[in-house]
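Chemist: Here it is, the structure, as structure tokens.
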């Protein structure tokens, strides 16, 4: 089944103006349902009701809900890439400052309602669906690549695999703050302090950790 779905969703539906507007409305409704109502409500029927369309109209563009997940994640990763292009990938910024900005941007995003709730529900869907799990992993690989780009510049002693390990650690450290510091979470008020600590500590880690330390050697 996963390979059949993957074949179906190579490109974004909607190749003409009206079709694009329809797809945009469906994607917006899908995101709203997932964020506000959770994985259990994420069905083609519920999404059709949210955007005021017939089920057949939605399923014409998205025969499976897996297609919606892939397009949502692809476009989310593209939006992050554009944000980095505008704020981080500036020729006059050193690698240390770029990584610090990237960490701050990620934590600011985690503090918002969309990201706090969206990724919690995506993981819930991933636990039940192999294809969605693969799409979520691919999304995070893209995030790790963004982080690894600056880790490699900061610490050229590290091998590509070690760079990925450090990038994974930085990503996991940030994502792990979600249930504690995310939107409406118990210690959300401390996110700004956490952001300051994390930016300093994680950049310092990326710059100073050695291959031997990563390998567990003294």
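The values are calculated or read from the model by the stated rules, or taken from the named source; none is laboratory data. Since we're looking at a predicted model, the values are computed, not measured. Please note: Cβ atoms are built from the backbone with ideal geometry, for glycine as well, and neighbour counts cover all protein chains shown.
Chemist: Would you pick out the residues in the stretch 102-117 that are without any contact (Cβ under 8 Å) to a residue 60 or more places away in the chain and crowded, with 20+ Cβ neighbours inside 10 Å?
Modeler: Passing the criteria: only 102.
Chemist: What helices (runs of 4 or more DSSP H) completely inside the stretch 159-218 contain at least 1 residues that are surrounded by 18 or more Cβ atoms within 10 Å (Cβ to Cβ)?
Modeler: 160-175, 178-181, 191-208
Chemist: On the basis of being within 24 Å of residue 69 (Cβ to Cβ), touching a helix residue (DSSP H, G or I) at 6+ places or on another chain (Cβ under 6 Å) and in a helix (DSSP H, G or I), does residue 131 make the cut?
Modeler: Yes.
Each row is one residue, and each column tells you yes or no for (1) free of Cβ contacts under 8 Å to residues at least 12 places away in the same chain; (2) within 17 Å of the chain's Cα centre (by Cα).
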residue	(1), (2)
35	no, yes
55	yes, no
58	no, no
61	no, no
65	no, no
119	no, yes
127	yes, yes
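Chemist: Quick one: residue 106 ticks every box in (1) at pLDDT 90 or above; (2) more than 27 Å from residue 209 (Cβ to Cβ) except a single one, so which number is it?
Modeler: Only one criterion is unmet by residue 106, namely (2).
Chemist: Checking residue 2 against (1) surrounded by fewer than 18 Cβ atoms within 10 Å (Cβ to Cβ); (2) under 24 Å from residue 116 (Cα atoms); (3) modelled with pLDDT under 90, only one condition comes out false. Which one?
Modeler: With (1) surrounded by fewer than 18 Cβ atoms within 10 Å (Cβ to Cβ); (2) under 24 Å from residue 116 (Cα atoms); (3) modelled with pLDDT under 90 applied to residue 2, the lone miss is (2).
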